[in-house]
Amino acid sequence: MITTARSWKGAAMLTARYTAFRAREPRRRRWSLEDRLAALPRQGLPLDAGVEIRWNDRHVPFVEAAGQRDLAVGLGVVHGHLRLFQMEIMRRLARGRMAGLLGPVALDVDRSLRIVGFSRAVEEIRQGLPEETREWLAGFRDGVNAVIESADEHPEEFRLLGAAPEPWTLGDLVAIGRVAASDFSWKVLRRLLPHSDHEYWPAVWERLIAEGGSPVPSYAGNGRNPGPEDFLAAFGRGGSNSLAVAGERTKSGAAMIASDPHLGVMLPNLWLIAGMRAPGIHAVGLMIPGVPVMALGRNEHIAWGGTSLHAASSDLFDVTDLPDGEIATREETIPVRWGGEGRVTIRECAYGPIISDAPMLGLPKDRPLAMRWIGHDPNDEISAMLGVQRARDWDEFRSALDGFAAPAQTMVFADTRGRVGKAIAAHLPRRGAGPPADIVRKREFLDHWREIVVGSDFPAEFAPERGYVASANNRPPPSDVPVGFFFSSNDRVDRMSRLLDGLSEGGPDDLKALQRDVAMPSSERIRRGMLAVLDTQAADTPGVVGALASWNGRHEADSRGALAYELMVHHLLRHLHAAYELALYLAAWDLTAQLARDLEELPRPRLEKAATRAARDAQADFRRHRTWGAIHRMRLEHPFARVPVIGRSYRFSDDAIGGGNETLMKTAHGVARDTHRVGLGQVARHVSDLSDPDANDFCLLGGQDGWIGSDSFNDQYALWRDGRYVRVPMSRSSVAREFRHVVTLSPAGAGHREHRHG
């Protein structure tokens with residue numbers, strides 16, 4: 001939220017720029033698909049031969065080239081064409097250069113980003129890239145730069161800010177991969193650390209570790225003002241569902257796969273859909289803008305998906321007593337638009353950067369904390385995912401994943417022979433068995449980081465007897481090396497398992513229905529517990545209590561019961577627990593499991609008193625709102641929508657929506673009693689039937705194009721809402737038939753392919 005004088009000044013500058021911008025462009029132009037494709041560079045590109053990009057009516061590309069480097073150039077053109085400003089933001093986050101675009105309002109953000117050090121290992125990674133990966137990245141870079149160099153007009157955000165995109169380098173591409181690797185555990189650490197100085201902390205920590213559940217990111221928001229880690233997490237992989245069904249359970253006899261990543265809800269979407277073909281690579285799937293690999297999708301032989309493992313990829317160390325001679329200090333200058341420059345002092349030691357110095361993290365300054373993060377090591381996820389794209393079987397898939405360090409993932413596998421599997425993709429320290437003694441480690445624990453274990457060191461599952469695998473950020477199988485300590489509840493994985501257990505001769509439509517499922521199994525236990533201590537005859541609460549009693553457990557948008565349930569949870573928590581207990585509920589553990597335990601274990605008089613008060617308070621809210629969708633809103637908006645005055649013109653939809661915190665169709669909302677927006681949820685969907693190379697269906701919450709005003713900026717939202725998909729075939733004949741808009745990229749003369757821009 002904008003609260004400081006500097007922030008208000010920055011907002012005022014942005015508002016003034018917006019006013020001037022609208023004076024120049026009083027009406028936002030509408031851009032048809034033909035308009036947008038006409039802006040693509042076509043001649044004189046750094047290619048060895050021509051590249052053909054076919055587009056369907058939803059602005060989804062299929063890129064075909066005679067060589068892999070040329071294919072990478074074509075993909076760079078696609079990403080630059082569709083998501084140039086989004087990529088610019090990711091690059092500036094990675095480099096700590098937001099103030100150079102947004103002015104003094106972003107100076108503390110840049111200081112914090114530079115202290116955390118996303119770019120710390122970038123140069124070492126770049127220098128160590130295999131030649132094949134280097135050529136791939138260079139081609140992609142050249143494609144992006146061709147879009148910049150040929151553009152007659154830049155996206156609206158650049159025009160409003162009076163800025164222009166800069167050329168891209170290989171280091172920039174590596175750096176935004178580090179942003180996408182931001183660590184899930186940072187959310188947990190930041191929310192728990194303020195409690196760690198209190199006398200109740202040892203007992204709380206023991207309980208947290210014993211329960212091992214965390215509602216982050218399930219209970220996203222919780223009424224807090226967003227911190228920098230929330231913005232960064234929007235670009236990382238915070239949640240997700242992924243499953244694969246073996247041939248013995250499908251109608252075709254081939255395997256099927258379904259994945260839906262859960263990330264921050266915003267426009268443009270944080271994924272784009274694409275297809276590609278060149279000798280040695282033939283794949284369709286979802287890509288992160290600026291990251292030139294298929295994060296999830298399929299090739300001719302296998303399909304893959306993934307969910308956040310919620311691994312402990314970071315450790316905090318108290319360095320209060322570390323001698324000054326063991327701390328290196330340097331200063332960096334930060335360019336500040338409209339404000340000259342700022343400076344940041346970065347302190348580093350053997351335990352990592354001292355992140356308690358970062359102003360936006362809000363950590364106690366009297367207790368210096370250093371952070372060891374696997375993302376500070378020179379790992380190469382691009383090469384790993386290129387290996388996955390080319391893999392033909394389970395062994396090649398697992399071998400490729402050993403190079404994947406962060407963000408830690410549970411990867412799901414399916415192949416054309418009907419087999420399925422699940423494996424870990426992560427690099428983690430060889431920690432000893434047993435839970436940590438505290439949230440901050442003793443310094444001798446750094447010895448555990450001297451040996452790093454990789455994915456193949458952890459248990460995997462291949463061709464299971466039950467005929468499917470499923471993952472939903474739940475706890476992985478036990479292993480000699482602890483993976484992590486805080487995982488999502490089993491709500492989603494149990495719901496998937498229940499639906500898949502009943503599946504025989506299944507087809508893609510069954511998986512599509514599963515992706516839209518809005519039942520939450522744990523709610524039944526809590527519903528029964530609340531009804532058991534409520535006076536169901538109370539005259540002043542028949543509406544909310546009656547709706548709760550008759551509820552079917554589904555978070556449908558028009559459900560009165562779902563509204564009654566969520567209102568009762570909200571008010572009951574506040575009548576049962578003191579403020580500090582409630583803060584820990586919302587910050588640290590599986591709220592639903594903890595509330596269910598309260599309802600079963602707390603003294604009945606205490607429960608009855610709290611439930612009666614909760615029902616009375618909930619009744620007033622229930623009369624106002626009447627249905628779940630009246631307060632549970634899918635608001636699709638650009639990040640500029642949060643800026644005062646100008647925000648209204650960057651809001652694009654506000655609809656009632658179903659789902660909830662732990663439903664398969666995840667639409668996370670925190671603990672709610674009033675109108676709220678979904679902050680994190682199911683932002684994309686993928687379903688493939690491996691019996692048919694053309695049976696690959698995708699959908700984005702939003703649209704494919706990041707260009708505001710484009711017909712494809714938000715055109716898939718209606719598909720997402722209604723459970724419809726965009727087909728992306730792989731066979732040449734189907735691509736030619738369904739992707740009717742053709743753009744051909746032609747090479748330049750000899751010498752044009754020289755290495756440019758670093």
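The values are calculated or read from the model by the stated rules, or taken from the named source; none is laboratory data. These figures come from a predicted structure and were not determined experimentally. Don't worry about glycine lacking a Cβ; one is built from the backbone with ideal geometry, like all the others, and counts go over all protein chains shown. To get the accessible areas, we keep the full protein, side chains included, count just its heavy atoms, and leave off ligands, DNA and RNA. Shrake-Rupley method; radii C 1.70, N 1.55, O 1.52, S 1.80 Å.
The set of residues in segment 669-700 that are over 30 Å from Ala255 (Cα atoms) and open to solvent by less than 10 Å² (accessible area, probe 1.4 Å) comprises Gly670, Ala672, Val678. Residue-level analysis places Arg635 among those that are under 29 Å from Asp517 (Cα atoms), open to solvent by 40 Å² or more (accessible area, probe 1.4 Å) and not aromatic (Phe, Trp, Tyr). Residues in segment 99-113 that are under 27 Å from Phe713 (Cα atoms) and either open to solvent by 10 Å² or more (accessible area, probe 1.4 Å) or touching a Ser or Thr at 6+ places or on another chain (Cβ under 8 Å) (or both): Gly100, Leu102. Would you mind stating whether Gly352 is on the phi > 0 side of the Ramachandran plot and surrounded by 17 or more Cβ atoms within 10 Å (Cβ to Cβ)? So Gly352 fits the description; yes. Could you grab me the full set of residues in segment 10-44 that are among the hydroxyl-bearing types (Ser, Thr, Tyr) and over 14 Å from Leu160 (Cα atoms)? Hit for segment 10-44 is Ser32, nothing else. Of the residues screened, Ser497 is one that is at pLDDT 95 or above and closer than 30 Å to Ala246 by Cα. Search segment 518-544 for residues being among the hydrophobic types (A, V, I, L, M, F, W, C) and modelled with pLDDT under 90, and hand back the single one that is most open to solvent (accessible area, probe 1.4 Å). Looking at the filtered set, the residue picked out is Ala539. Considering segment 500-517, and only residues there that are assigned to a loop (DSSP other than H, G, I, E, B) and open to solvent by 60 Å² or more (accessible area, probe 1.4 Å), the residue that is modelled with the highest pLDDT turns out to be Arg516. Here Arg431 meets the list (1) basic (Lys, Arg); (2) without any contact (Cβ under 8 Å) to a residue 40 or more places away in the chain; (3) part of a loop (DSSP other than H, G, I, E, B) almost entirely, failing just condition (2). For segment 441-464, indicate whether the set of residues that are farther than 30 Å from Phe317 by Cβ, open to solvent by 10 Å² or more (accessible area, probe 1.4 Å) and free of Cβ contacts under 8 Å to residues at least 40 places away in the same chain is non-empty. No, there is no match, as no residue in segment 441-464 is farther than 30 Å from Phe317 by Cβ, open to solvent by 10 Å² or more (accessible area, probe 1.4 Å) and free of Cβ contacts under 8 Å to residues at least 40 places away in the same chain. Of the residues making up segment 132-146, one or more are surrounded by 19 or more Cβ atoms within 10 Å (Cβ to Cβ) and closer than 24 Å to Arg337 by Cα.
Here the condition is being touching a helix residue (DSSP H, G or I) at 6+ places or on another chain (Cβ under 7 Å) and modelled with pLDDT under 95; of Ala618, Ala579, Ala562, Ala596, it holds for Ala596 alone.
Table: residues versus (1) free of Cβ contacts under 8 Å to residues at least 24 places away in the same chain; (2) more than 25 Å from Pro476 (Cβ to Cβ); (3) surrounded by 23 or more Cβ atoms within 10 Å (Cβ to Cβ).
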residue	(1), (2), (3)
Pro292	no, yes, yes
His310	no, no, yes
Asp357	no, yes, no
Leu363	no, yes, no
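Of all residues in segment 430-440, those satisfying the criterion of being modelled with pLDDT under 90 and open to solvent by 60 Å² or more (accessible area, probe 1.4 Å) are Ala433, Pro435, Ala437.
Matching residues to (1) under 30 Å from Phe486 (Cβ atoms); (2) open to solvent by less than 20 Å² (accessible area, probe 1.4 Å); (3) free of Cβ contacts under 8 Å to residues at least 24 places away in the same chain; (4) of a type outside the set (Asp, Glu):
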{"residue": "Glu157", "(1), (2), (3), (4)": "no, yes, no, no"}
{"residue": "Ala163", "(1), (2), (3), (4)": "no, no, no, yes"}
{"residue": "Trp168", "(1), (2), (3), (4)": "no, yes, no, yes"}
{"residue": "Ile176", "(1), (2), (3), (4)": "yes, yes, no, yes"}
{"residue": "Val179", "(1), (2), (3), (4)": "yes, yes, no, yes"}
{"residue": "Ser182", "(1), (2), (3), (4)": "yes, yes, no, yes"}
{"residue": "Trp186", "(1), (2), (3), (4)": "yes, no, no, yes"}
{"residue": "Arg190", "(1), (2), (3), (4)": "yes, no, no, yes"}
{"residue": "Leu193", "(1), (2), (3), (4)": "yes, yes, no, yes"}
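Looking at segment 303-317, which of its residues are small (Gly, Ala, Ser) and part of a strand (DSSP E or B)?
Ala303, Gly305, Gly306, Ser308, Ser314
Taken over segment 251-282, the residue count meeting the criterion of being among the hydrophobic types (A, V, I, L, M, F, W, C), at pLDDT 95 or above, assigned to a strand (DSSP E or B) and crowded, with 24+ Cβ neighbours inside 10 Å is 7. The single residue among Leu71, Leu75 that is open to solvent by less than 10 Å² (accessible area, probe 1.4 Å) and touching a Pro at 6+ places or on another chain (Cβ under 6 Å) turns out to be Leu75.
Quick grid of which residues meet (1) β-branched (Val, Ile, Thr); (2) touching a Lys or Arg at 6+ places or on another chain (Cβ under 7 Å); (3) part of a helix (DSSP H, G or I):
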position	(1), (2), (3)
Asp598	no, no, yes
Arg606	no, no, yes
Ala614	no, no, yes
Asp617	no, no, yes
Asp621	no, yes, yes
Gly629	no, no, yes
Arg635	no, yes, no
